[in-house]
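*Asks:* One structure is given below, represented as structure tokens, and several questions about it will come after.
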Amino acid sequence: MSMQLPTDIESVLPHRESLRLIDRVIEWQAESIVVEVDVPTHGLFSTPGGVPAWVGVEYMAQAIAAWAGCRARAEGREPSIGFLLGTRRYTAHQPAFTPGSCLRVEAQCELMGENGLGMFACRILAGDVELAVANVSVFEPRDAMAYLESGEA
């Protein structure tokens, strides 16, 4: 499975406007993705000390969403919504991400079940320095709207 990298992040990521936290896909393969985040000076999660490190979990989740969107596009489908179920062992090596910096977010698919449950090994880097690491669990139902309307969500 291969595809040209998206030139517009919105073509593979369902998040819009201030809720879209990642900026670019720079590498995509069948089992992994690398995206970039331009840490804002002013934004939804910005504080005088920078963007709190706990936001890194959402950076990772959106990287996974972009991976799923790239995969959907490669298969001729529209990207759909998925759900962040949780993280294991999220470790941040600093309290905040520096405004104006460019972060590299990597997500490697460790497991993706036929039922839509997945596990990804993720990390956030600034240059060669690892800033955060975690295992992220996600769920992508076959029909997200039907799932939401069923009351099981």
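The values are calculated or read from the model by the stated rules, or taken from the named source; none is laboratory data. Treat the numbers as computed from the prediction; the structure is a model and nothing was measured. Glycine also receives a Cβ, built like all others from the backbone with ideal geometry; neighbour counts cover every protein chain displayed. To get the accessible areas, we keep the full protein, side chains included, count just its heavy atoms, and leave off ligands, DNA and RNA. Shrake-Rupley method; radii C 1.70, N 1.55, O 1.52, S 1.80 Å.
*Asks:* Could you grab the relative contact order for the chain? Cα pairs under 8 Å, six or more apart, rounded to a whole percent.
*Replies:* 24 percent.
*Asks:* Do the sum for the chain: with -39,500 (n - 2.57) for every DSSP H run of n ≥ 4, divided by all residues, what is the mean residue ellipticity at 222 nm, to the nearest 500 deg cm²/dmol?
*Replies:* Result for the chain, helices only: -5500 deg cm²/dmol.
*Asks:* Counting C-alpha atoms alone, how compact is the stretch 64-105: give Rg to one decimal and Dmax as a whole number, in angstrom.
*Replies:* Over the stretch 64-105's Cα set, Rg and Dmax evaluate to 14.8, 41 Å.
*Asks:* Based on Cβ point charges of +1 for Lys and Arg and -1 for Asp and Glu, what charge dipole magnitude is obtained for the chain about its Cα centre, in debye rounded to the nearest 20?
*Replies:* For the chain, the charge dipole is close to 220 debye.
*Asks:* Sticking with this one: Among 58-70, 128-140, 36-48, how do they line up from the highest to the lowest mean number of other beta-carbon atoms within 10 Å?
*Replies:* 58-70, 128-140, 36-48
*Asks:* Taking only the alpha-carbon atoms of the chain, what semi-axes of the equivalent ellipsoid follow from 5 times the gyration tensor eigenvalues under a square root, in whole Å, largest first? Walk me through the numbers before you get to the answer.
*Replies:* Working: eigenvalues 122, 56, 48 Å².
Its equivalent ellipsoid spans semi-axes of 25, 17, 15 Å.
*Asks:* Please return the longest stretch of the chain lacking exposed loop sites, where trypsin sites (Lys or Arg not before Pro) count only if DSSP places them in a loop and at most 11 other Cβ atoms lie within 10 Å.
*Replies:* Working: sites that count: Arg16, Arg77, Arg142.
Between the exposed loop sites, the longest stretch runs 78-141.
*Asks:* Let me ask something additional. log₁₀ I(q)/I(0) of the stretch 1-44 at q = 0.16, 0.19, 0.28, 0.33 Å⁻¹, via Debye over equal Cα point scatterers, no solvent, to two decimals?
*Replies:* Scattering profile of the stretch 1-44, log10 relative to I(0): -0.46, -0.62, -1.11, -1.31.
*Asks:* Counting heavy atoms of the protein chains only and a 1.4 Å probe, report the per residue accessible area for the chain as a whole number of Å².
*Replies:* Per residue, the chain has 54 Å² of solvent-accessible surface.
*Asks:* On the protein heavy atoms, probe 1.4 angstrom, tell me the percent of accessible surface of the stretch 1-60 carried by carbon and sulfur.
*Replies:* Values: 1720 of 3300 Å².
Ligands and nucleic acids excluded, carbon and sulfur reach 52 percent.
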